[in-house]
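What follows is a set of notes on a single structure, which appears directly below.
All of the numbers you see were taken from the coordinates with simple rules; none came from a lab. No experiment lies behind these values; they were computed from the predicted model shown. Neighbour counts run over all protein chains shown; Cβ positions are idealised from the backbone, glycine included.
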Amino acid sequence: MTTHPKPRPQSSPTAPDPVRKAALGQFMTPPQLARFMAGLFPPAPGVKCHLLDAGAGAGALSSAFLERWQRGELEFASASVTAYEIDPDLRALLTQQLHAYAGADVQIHAGDFIELAAQDLLWGTSEPFTHAILNPPYRKIGSHSPHRLMLRQVGIETVNLYSAFVALAIALLAPGGQLVALIPRSFCNGPYYRPFREFLLSRTAIRHLHLFESRTQAFKADDVLQENIIIRLEKGGQPGPVTVSTSTDASFADLVSAEYSLDQIVLPGDSERFIHVPASPELHTPEQLLTAMLAEVGVQVSTGPVVDFRLREHLRDSPEAGAVPLLYPAHLAGGVNWPLAGGRKPNAIVHNSETEKWLYPTGFYCVVKRLTSKEEARRVVATVIDPATFPGAEKLGFENHLNVLHERKQGLPEALAHGLAAYLNSTQVDRDFRRFSGHTQVNATDLRGLKYPSRAQLLELGAWAMERQSSTQDEIDERIAELTT
Ligand SMILES: C[S@@+](CC[C@H](N)C(=O)[O-])C[C@H]1O[C@@H](n2cnc3c(N)ncnc32)[C@H](O)[C@@H]1O
């Protein structure tokens, strides 16, 4: 490879306008992170590389890519770059930056990538790309916005600019094309991103996931990075092992990586197509063995059906004849405290033909609060509901801020309720949940998407928990590790 004059060092835009910065999602990739991302592309000897950089900013990502190419590491026959940038000031920097790479053919498009890419896809006017490197803008797309309509015309249904950029880039790639993107990990779960996950999983193979997390208490992973993930996809690739790497921050000084089968990332039979990002191997080997879905355990999860403002006339402050217990999260502070005298929430609901369909038969249940405060030690807080707390009650009401784990709308075997609660209260579930969801809310879909030990293991765990008055977090975590390894 011939040597080319060194481009000038990456310049950061001077004094960016903060309003425009937020509106256009202008968060530039630092050089070390850009180099890591560029480093994820496998060499492709003799290929005529055509790189897409959408929302290119001042060109950090393309620069890192072209530098690797110039060092001869990617072994391409030639390289061209097509970059899209909407902001004229950044575009000026981008132009200067990329034209400094002699030998690379550079095209810079002024304008809105979504609009231009959707037109290209509709008219078939773009040369397919062999590579794409993205740190796209993040912003919600309104359901009736022009962006949403343009995307719909090319078969893309999605709710945020970042997923729109990735979906368009996938559509613009040639078969075998490689894409590396730094994106929020919110797409990995939740119902809004399901069409995007389906789009991605049906057209590409996930080859690499990198996440930022600390493996020791002493080093906290970078807060901003922690919400993000780096993903490498191969268009039309055969499903195969997925490399998962982690590091505390963008210095990548403590990088570790391990291989997982695709089944461990996207669980077979999961209609939600959640993308599970396993933790670093030395943290939880047992996790790899936890592959049962809640449905395989024979348990369902529902949101508490009593929506109090709709049933106001049937609510009662205190238990009374003809009324049954009603449970709110307030009743579940460190165990079940019912009835709560002088509390702000009702304790009972009248049992009649109107409320009947919102009530569960009294029995053992495991309930999980939907909301926990940021200060609470765990996001997932599970409690066993024991019918002995409600002598004489035939039915139970669960308010809408609770999730209820049940068996076909009936109670659970006692040991299973205890096993589920112990498991859901483990450090491992909490860590998984935080990794996989940026929200403090825990919804029924989230609980359905978690991995679980088998029903037999949960029953054993429950029997163990029932024998003890109480267990420390470490004891629970150790017992789960013993059972699942
Ligand atoms: C998160 S920044 C990243 C910039 C660059 N890729 C990097 O990694 O440093 C996203 C960039 O997308 C640009 N952008 C935002 N909306 C755009 C759109 N609709 N079309 C093209 N570029 C857009 C912003 O101006 C910003 O430069």
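Counting only alpha carbon atoms, the long axis of helix 194-203 and the longest principal axis of the chain meet at about 50°. Take every Cα pair under 8 Å whose residues are at least 6 apart in sequence, average their separation, divide by the length of the stretch 422-485, and the relative contact order is 53 percent.
Our note on the geometry: Cα centres of the stretch 422-459 and the stretch 311-357, 27 Å apart. Put a dot 7 Å past the Cα of Arg312, heading toward its Cβ, do the same for Ser80, and the two dots end up 6.6 nm apart.
What is the calculated FRET efficiency for Lys409 to Glu227, with r their C-beta to C-beta distance and R₀ = 35 Å, to the nearest 0.05? The computed FRET efficiency comes out at 0.45. For the chain, the mean residue ellipticity at 222 nm estimated from helices alone is -8000 deg cm²/dmol, where every DSSP H run of n ≥ 4 contributes -39500 (n - 2.57) and the total is divided by all residues, rounded to the nearest 500.
Once the C-beta distance of Asn400 and Ser271 is scaled by a Förster radius of 30 Å, the resulting FRET efficiency is 0.80 to the nearest 0.05.
Which whole-number percentage describes the relative contact order of the chain, with Cα contacts under 8 Å and a sequence gap of 6 or more?
Relative contact order, the chain: 11 percent.
Compute the helix-to-body angle for 60-70: its Cα long axis versus the longest principal axis of the chain, expressed 0 to 90° and rounded to tens. Once rounded, one gets 50 degrees.
Once you've got the Cα coordinates, tell me which of Lys48/Lys140; Lys345/Lys395; Lys48/Lys235 are over 28 Å apart. Among Lys48/Lys140; Lys345/Lys395; Lys48/Lys235, the Cα-Cα distance tops 28 Å for Lys48/Lys140. Compared with the dominant principal axis of the Cα atoms in the chain, helix 161-172 is inclined by about 50°. State the antiparallel share, in %, of DSSP beta bridges confined to the chain, rounding to the nearest 5. Taking every DSSP beta bridge within the chain, about 60 percent pair in antiparallel fashion.
Scaled against 2.2 N^0.38 Å for its residue count N, the alpha carbon radius of gyration of the chain is 1.13. Remark: the Cα gyration tensor places the stretch 18-283 in the rounded category, a/c being less than 1.5. Taken about its Cα centre, the stretch 437-485 carries a charge dipole of about 300 debye when Lys and Arg each add +1 at the Cβ and Asp and Glu each add -1 at the Cβ.
If R0 is taken as 45 Å, the Cβ-Cβ distance between Gln469 and Arg344 corresponds to a FRET efficiency of 0.90. Seen from Ala110, the other residues with C-beta closer than 13 Å to its C-beta sum to a net charge of -4, counting Lys and Arg as +1 and Asp and Glu as -1.
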